[in-house]
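**Q** So that we are looking at the same thing, I have put the structure below in structure tokens.
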Amino acid sequence: MATPIEEYAVLGDTETAALVSRQGSIDWLCLPRFDSPACFAALLGTPEHGRWLLGPAGPARSTRRYLDSSFVLETIHETDTGAVRVVDLMPLGDGRADVIRRVEGLRGTVRMRHEWVVRFGYGKVRPWVAHSPGHRLDTDVITAIAGPDMLVFRGSRLPHRHDGHHEDEFEVAAGERHTFTTTWFKSYKAIPPPLHIDAQIAATLRRSNEWAAHCDYEGPYREQVVRSLLTLRLLTDSRYGGIVAAPTTSLPEDVGGVRNWDYRYCWLRDASLTLEAFLASGYLAETRLWRNWLLRAVAGDPQDLQIMYRVDGSRELPERELEHLPGYAASKPVRVGNGAVGQRQTDVLGEVMIALEEARRRGLENDPQSWAMQRALVAELATHWDDPDHGLWEIRGPLRHFTHSRLMVWAAFDRAVEAVEDHGLEGPVEQWRELRATVRAEILAKGFSEERNSFTQHYDTTEVDASLLLIPIVGFLPAGDPRVLGTIGAIEQDLMRDGLLLRYRTESGVDGLAGDEHPFLACSWWLVSAYAMCGMVEKARALMDRLVGLLNDVGLAAEEYDPVRGHMVGNFPQAFSHLTLIGAAHALAEAERRGTAHAGQQIPSRG
């Protein structure tokens, strides 16, 4: 049986991340980057595809938490004979790729099971494994090498080799402590020195707590907001500045189905929305880091703008299937790369322009190259804004005139106008104003159904889409507008499943894919924001309470939730879920601050 997704916690060093189960098995780890091949891939297969297990040898009652505002994970395992504490982390700021695991006896004696099974190449490549004298400061280590990659294992006791695995069982008594580390490095380089474990744990806790202390949000659900901000920070590559959508690939949207995608890349849309969450909560440095990444990634002809890039800004993301992996809970295919990279998604620039305009409002200094890049991209958008596209959900069916895409086209021109009018930047503002008005008129004429009193998913349907909830959020119409209220009602009627929102009705056939999917958590958090803006504070609170209750025990969310089986589905942890949680909390705090029954009607539309 596959470990339920919500049973995992994440470890990370802001360059890659690992998933570790409650039972102590690291089942997913890509080294040295988020988008590198995995060396532990049991998440998408079996233990034979690579894992690092450190947990009780028998039944145990296990509870866990993150220490302070960090991703240092503490798990307490209690058995009939005793209790142990396991501390897991990936150190921050050491310029290396390390995993530290420490087990300490608390009372009695606990028998521990230890397995270290390395399989490079997403679980396919068995490495050459040997004992080695290691670094001059070591006594003995285990090394695993395959091509350019090498792992070195260190520990107070080394597991024994058995049939391609390294295994051990040992007793931990109260007061005893064992520490183990795994370090990745290039195989042609010398083995790096061992870590100063206590110093690395202390430094990681200090850096994490200092970062979290900058959060200036003091509204409701602050604990969940801070953990979500920390999650977004973990998914922001501190070396390059790219922001990945999730650290995993192919965790299914429909268990046993084909909707399995690789999210270990940097979508411009998701990254822009992440920046809005950071900015709203008092973080400006992350915006500067990502803006510099953006300038490098999109450098060149504006016509060549992609919707996503690799962590380092490179462009090649060919999609292929890994036939050797059976998939999470037999959900095939397992994919790496993402074929949506070549799609036309006209909404993307709108999200980028919203984020960068928000950064200007909050004091980010102007960079001439950044504004020149924005001008060039807006000029390119002006030549093809009315073309059909695949939409933000990366529809693999026919191109459509999606209303959300048009909404974000309007937002791109609107924020360009604002940059000139409010910040004194140079640009063809009259042309942009005219285009903004044209797009607005088209949306109101073609994207709205008088029959349903609702905006529609695209111009050729009366179906709705949860992305229409962004209409008041981006300022296209005031929240109290009857057309907005009608759209919220239609979305509730068509897309609500067990109290949570779907993205759209898959049975409409719009996405060209087989199978179904479950409620998309980000959409329900959008609905919280929409309720709050419309003055429906009680409904917003009730839904927010429900959603917060779906977070796992360490505050993490996947992409979707199956309310029938009570399990998370989709890639995990998911940036989109956490950034919309933050937005919903801010919207609710603002609505409660205004304190009027129809506060949203006071919010004017733009343009």
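Every number here is computed from the coordinates shown, using simple stated rules; none is lab data. Note that this is a predicted model, so its numbers are computed, not measured. No Cβ is skipped: glycine too gets one built from the backbone with ideal geometry, and neighbour counts run over all protein chains shown.
**Q** Could you check the simple spin-label distance between THR461 and LYS186, using points 7 Å along Cα→Cβ, in nm with one decimal?
**A** 4.9
**Q** Quick one: if you take sqrt(5λ) for each eigenvalue of the C-alpha gyration tensor of segment 186-284, what semi-axes come out, biggest first, whole angstrom?
**A** Working: eigenvalues 138, 126, 38 Å².
In descending order, the three semi-axes are 26, 25, 14 Å.
**Q** Turning to a different aspect of this structure: Taking 41 Å as R0, compute the FRET efficiency from the Cβ-Cβ separation of ARG315 and THR109 and round it to 0.05. List each step's numbers first, then the result.
**A** On the way: r = 55 Å, r/R0 = 1.34.
Efficiency, from the Cβ-Cβ distance: 0.15.
**Q** Moving to a separate point now. Working from Cα positions, state the angle (0 to 90°, nearest 10) between the long axis of helix 285-297 and the longest principal axis of the chain.
**A** 80
**Q** Is the shape of segment 1-109 rounded, prolate or oblate, going by the alpha carbon gyration tensor and its root eigenvalues a ≥ b ≥ c, with a/c under 1.5 for rounded and a/b larger than b/c for prolate? The partial results should precede the final answer.
**A** Values: a/c = 2.17, a/b = 1.36, b/c = 1.60.
Cα axes put segment 1-109 in the oblate bin.
**Q** Another question about this same structure. Of the listed values (1) 19; (2) 27; (3) 23, identify the label whose number matches percent of Cα pairs over 42 Å apart calculated from this model.
**A** Answer label, from the structure shown: (3).
**Q** Note the angle between two axes, namely the Cα long axis of helix 222-234 and the longest principal axis of the Cα atoms of the chain, as a number of degrees from 0 to 90, rounded to the nearest 10.
**A** Helix 222-234 sits roughly 70 degrees off the main axis of the chain.
**Q** A further question on this structure: Would you kindly state how much longer the chain becomes between GLU48 and GLU507 on full extension, computed as 0.36 nm times their sequence separation minus their alpha carbon distance, in nm to one decimal?
**A** Between GLU48 and GLU507, full extension yields an extra 161.5 nm.
**Q** Residue separation times 0.36 nm, minus the C-alpha to C-alpha distance between ARG565 and ARG344: what's the value? Intermediate results must be reported in sequence, preceding the final value.
**A** Values: separation 221, 0.36 × 221 = 79.56 nm, distance 3.53 nm.
Full extension of this stretch gives 76.0 nm more.
**Q** A further question on this structure: Assuming R0 = 56 Å, can you tell me the calculated FRET efficiency for the pair ARG126 and ARG593, based on Cβ-Cβ distance, to the nearest 0.05? If you can, show how the numbers build up before the last one.
**A** Working: r = 59 Å, r/R0 = 1.05.
Plugging the Cβ-Cβ distance into 1/(1 + (r/R0)^6) gives 0.40.
**Q** Then there's this: What is the gain in length, in nm to one decimal, between ASP516 and ARG61 on full extension, counting 0.36 nm per residue of separation less the C-alpha to C-alpha distance?
**A** On the way: separation 455, 0.36 × 455 = 163.80 nm, distance 3.52 nm.
Once the chain is fully extended between ASP516 and ARG61, it gains 160.3 nm.
**Q** Apply the a/c threshold of 1.5 to the C-alpha gyration tensor of segment 322-392 and tell me whether it is rounded, prolate or oblate. Provide the component values of the computation, followed by the final result.
**A** Numbers: a/c = 3.35, a/b = 2.00, b/c = 1.68.
Prolate, because a/c is 1.5 or more and a/b exceeds b/c.
**Q** Once you sort the root eigenvalues of the Cα gyration tensor of segment 91-177 as a ≥ b ≥ c, which label holds: rounded (a/c under 1.5), prolate (a/b larger than b/c) or oblate (the other case)? Don't skip to the answer; put the middle values down first.
**A** On the way: a/c = 1.91, a/b = 1.50, b/c = 1.28.
In terms of gyration-tensor shape, prolate.
**Q** So what's the net charge close to GLN200: Lys and Arg +1, Asp and Glu -1, counting the other residues with Cβ under 10 Å from its Cβ? Intermediate results must be reported in sequence, preceding the final value.
**A** Details: positive: ARG96; negative: ASP94, ASP98, ASP198.
Surrounding charge for GLN200 is -2.
**Q** Based on Cβ point charges of +1 for Lys and Arg and -1 for Asp and Glu, what charge dipole magnitude is obtained for segment 466-607 about its Cα centre, in debye rounded to the nearest 20? The partial results should precede the final answer.
**A** On the way: 11 positive and 16 negative charges, 104 e Å.
So the dipole magnitude of segment 466-607 works out to roughly 500 debye.
**Q** Tell me which of PRO192, ILE354, VAL336 sits at the most positive position along the dipole axis of the chain, charges placed on C-beta atoms (Lys, Arg +1; Asp, Glu -1).
**A** Going by the charge dipole, the pick is PRO192.
**Q** What is the helix-to-structure angle for 575-594, meaning the angle in degrees between its Cα long axis and the longest Cα principal axis of the chain, kept from 0 to 90 and rounded to the nearest 10?
**A** Roughly 50 degrees, rounded to the nearest 10.
**Q** A further question on this structure: Can you give the convex hull volume per residue for the Cα atoms of segment 254-352, as a whole number of Å³?
**A** Working: hull volume 12.4 nm³, N = 99.
Convex hull volume per residue, Cα atoms: 125 Å³.
**Q** Another question about this same structure. If the only charges are +1 at each Lys and Arg Cβ and -1 at each Asp and Glu Cβ, what is the size of the charge dipole of segment 306-361 around the Cα centre, to the nearest 20 debye?
**A** Values: 8 positive and 9 negative charges, 6 e Å.
It comes to approximately 20 debye.
**Q** Lys/Arg Cβ at +1, Asp/Glu Cβ at -1, dipole of the chain taken about the Cα centre: which of ALA299, LEU407, ILE395 is farthest positive-ward?
**A** Checking the options against the dipole of the chain, the answer is ALA299.
**Q** Can I ask one more? Identify, among LEU521, LEU588, GLN574, the residue whose Cα sits farthest towards the positive end of the charge dipole of segment 510-592, taking +1 on the Cβ of Lys and Arg and -1 on the Cβ of Asp and Glu, with the dipole about the Cα centre.
**A** Final value for the positive-end residue is LEU588.
**Q** Might you report the magnitude of the Cβ-based charge dipole of segment 96-203 about its Cα centre, with Lys and Arg at +1 and Asp and Glu at -1, to the nearest 20 debye?
**A** With Lys and Arg at +1 and Asp and Glu at -1, about 320 debye.
**Q** Between ASP498 and ALA330, what is the label-point separation in nm under the 7 Å Cα-to-beta-carbon projection?
**A** 2.1
**Q** Let me know the Kirkwood hydrodynamic radius for segment 456-607, please, with Cα pairs as the basis and the value in Å to one decimal.
**A** Working: mean 1/r = 0.0634 Å⁻¹.
After inverting the pairwise mean of 1/r, the radius is 15.8 Å.
**Q** A further question follows. At each listed q (0.15, 0.18, 0.20, 0.23 Å⁻¹), what is the log10 of I(q)/I(0) that the Debye formula gives for segment 128-246 modelled as equal alpha-carbon point scatterers?
**A** -0.94, -1.07, -1.14, -1.26
**Q** Note down the nm distance, to one decimal, between modelled labels 7 Å out along Cα→Cβ at GLU74 and at HIS162.
**A** Reported label-point gap for GLU74 and HIS162 is 3.3 nm.
**Q** What net charge is computed for the residues neighbouring VAL172, neighbours being all others with C-beta under 10 Å from the C-beta of VAL172, Lys and Arg scored +1, Asp and Glu -1? Intermediate results must be reported in sequence, preceding the final value.
**A** Working: positive: ARG85, ARG111, ARG177; negative: GLU104, GLU171, GLU176.
Neighbour charge sum, excluding VAL172 itself: 0.
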